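Working notes, structure below.
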Amino acid sequence: MKRSKWTTRLTCGALILVTITGAAVAAGSQGSQSDPLVTLSYLNEKVVPDILKQVDEHIRQKSEELEKKLQDQGPVGFVAVEAEAGKTMTLSAGTQLLLRRGAASGDGLVDTTAGQLVTGPLSANHLYIAAGEGQTVTVSEKAAFMVMGSYTVK
């Protein structure tokens, strides 16, 4: 009985030693200096240019999307707009309006100069902001405005 325990232990130890030695030999032969797993020339000539092409294409697509969004939002900065009496100007939410001359009345505009909501005549040289989509300004006497944002005049 004593002999079988020593034989079993010796056999198990030998198997463990052979397994460890085999794993070390296999790991040591992978990716040596003379036979690398991936060559530097493969990285420089194939992988890096492909990645750069993908990045350039992604940047081009995002740039086109941003340009389209900017064009859809209208001109940047204030634009001079003149409107005849009886015309109605419809403003998008957030559009800013400054009455330079003439007479007009607004509905649902915020007068940032006076700090109040306006539903009536607009004051000259006051800055107004459209509080919601579709706010209107009705021109009662030929008027000149400075407008920043999206608007239509009908």
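None of the figures in this text is laboratory data; all of them are computed from the coordinates on show. As the structure is a computational prediction, the values presented were derived from the model and not from experiment. Using ideal geometry, Cβ is built from the backbone for each residue, glycine included, and neighbour counts are taken over all protein chains shown.
Out of every Cα pair in the chain, what percent are spaced more than 27 Å from each other?
Numbers: 6952 of 11781 pairs.
Percent of Cα pairs beyond 27 Å in the chain: 59.
Just need the relative contact order of the chain here, percent rounded to a whole number, with Cα pairs under 8 Å and 6+ apart. Walk me through the numbers before you get to the answer.
Numbers: 237 pairs, mean separation 40.2, N = 154.
The value is 26 percent.
Taking Cα atoms of region 45-92, Rg/Rh with Kirkwood Rh, to two decimals?
Numbers: Rg = 20.7 Å, Rh = 14.8 Å.
We get a ratio of 1.40 for region 45-92.
Based only on other Cβ atoms within 10 Å, what is the fewest-to-most ordering of Leu10, Leu122? Provide the component values of the computation, followed by the final result.
Values: Leu10 10, Leu122 23.
In order of increasing Cβ crowding within 10 Å: Leu10, Leu122.
Pairing the Cα long axis of helix 48-72 with the longest principal axis of the chain, what angle in degrees results, from 0 to 90 and rounded to the nearest 10?
20 degrees
Give the total of Lys-Lys pairs in the chain with Cα-Cα distances below 28 Å; include a pair only if its members are 8 or more places apart or on different chains.
9
At 222 nm, what helix-only mean residue ellipticity would the chain give, in deg cm²/dmol to the nearest 500, using -39500 (n - 2.57) for each DSSP H run of four or more?
Numbers: 2 runs with 53 residues, N = 154.
Using -39500 (n - 2.57) per qualifying helix, the result is -12500 deg cm²/dmol.
Once both axes come from the Cα atoms, what is the angle between helix 2-29 and the longest principal axis of the chain, in degrees from 0 to 90, rounded to 10?
Tilt relative to the chain: about 50 degrees.
Under 8 Å for C-alpha pairs, at least 6 residues apart: give me the relative contact order for region 79-153, rounded to a whole percent.
Details: 216 pairs, mean separation 38.4, N = 75.
RCO, region 79-153: 51 percent.
Return the single residue from Leu91, Leu37, Leu70 with maximal mean-square fluctuation; model: Gaussian network over the chain, springs between Cα atoms under 10 Å.
Leu37
Assuming 0.692 mPa s and 37 °C, estimate D for region 60-120 with Stokes-Einstein, Rh taken as the Kirkwood radius over Cα pairs, in µm²/s. Walk me through the numbers on the way to the answer.
Numbers: Rh = 14.3 Å.
Answer, rounded: 230 µm²/s.
Please list log₁₀ I(q)/I(0) at q = 0.18, 0.24 Å⁻¹ for region 79-153, using the Debye equation with identical point scatterers on the alpha-carbon positions.
Debye output, listed in q order: -0.55, -1.06.
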